[in-house]
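Derivation of every value follows stated rules applied to the coordinates shown; laboratory data play no part. Because the structure is a prediction, the values reported are computed rather than measured. Because the Cβ atoms are built from the backbone with ideal geometry, glycine has one as well, and the counts that use them run over all protein chains shown.
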Amino acid sequence: MDRIDRPGLGVRIIWLDDDMIELESTLNYRGFRGTSTCYCTSEDVTTFASALSQLANTAEGIALFDAGLSDGSKRIALRAYTTDLSGHLAVHVSLATDAFSRRPESIWRIEVEMKTESWSVSRFAEQLESIAKTRQGYAFLPTVD
């Protein structure tokens, strides 16, 4: 995946075996940039994509994805939700790198609330579903501001 220059969130698979995949997520939003990876299953991605699709279509509920190591490193956590009664959407993005030493302070973290729209969330869900199914490709969620 090329580092994204446009604002948003990108996701791709960087490693896989029969049971697991390693995702890489890159965020570029309002001057904040970060990249992290996590291990999960294709089913985890499919479940998140389904919840995102439902949220985009109904503006109800919350879509959650959270995968990482037990020490809080190598973590990608995404929580999509409505922000008001009009059904505007946002995604809370939390990324954490691998630990560079045994100290917990060596784990770099970034957290932002990224505004988006239902059509973009629906398209992102389709792209994630494709990634989970084909175990390749790239998904991108643009921001609206």
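A few remarks follow.
- Exposure here means at most 12 other Cβ atoms within 10 Å; with trypsin sites (Lys or Arg not before Pro) in a DSSP loop as sites, the longest stretch of the chain lacking them is 31-101.
- Residue by residue, region 82-97 carries 3J(HN,Hα) couplings of 8, 10, 7, 5, 7, x, 5, 10, 9, 10, 7, 10, 10, 10, 9, 7 Hz when phi is fed to the Karplus relation 6.51 cos²θ - 1.76 cosθ + 1.60 (θ = phi - 60°); x denotes Gly or Pro.
- Pairwise centroid distance, computed over Cα atoms, of region 55-75 with region 20-35, Å: 14 Å
- Length-normalised contact order of the chain in % [C-alpha pairs under 8 Å, at least 6 apart]: 24 percent
- Taking the helices alone, the chain has a mean residue ellipticity at 222 nm of -8000 deg cm²/dmol, built from -39,500 (n - 2.57) per DSSP H run of at least 4 residues and averaged over all its residues.
- In this rough spin-label picture, where each label sits 7 Å from Cα along the Cβ direction, the residue 6-residue 138 distance is 1.1 nm.
- The chain, Cα convex hull volume normalised per residue, Å³: 107 Å³
- Just checking the listed ones, 97, 46, 83: in the Gaussian network model of the chain with Cα springs under 10 Å, the one fluctuating most is 83.
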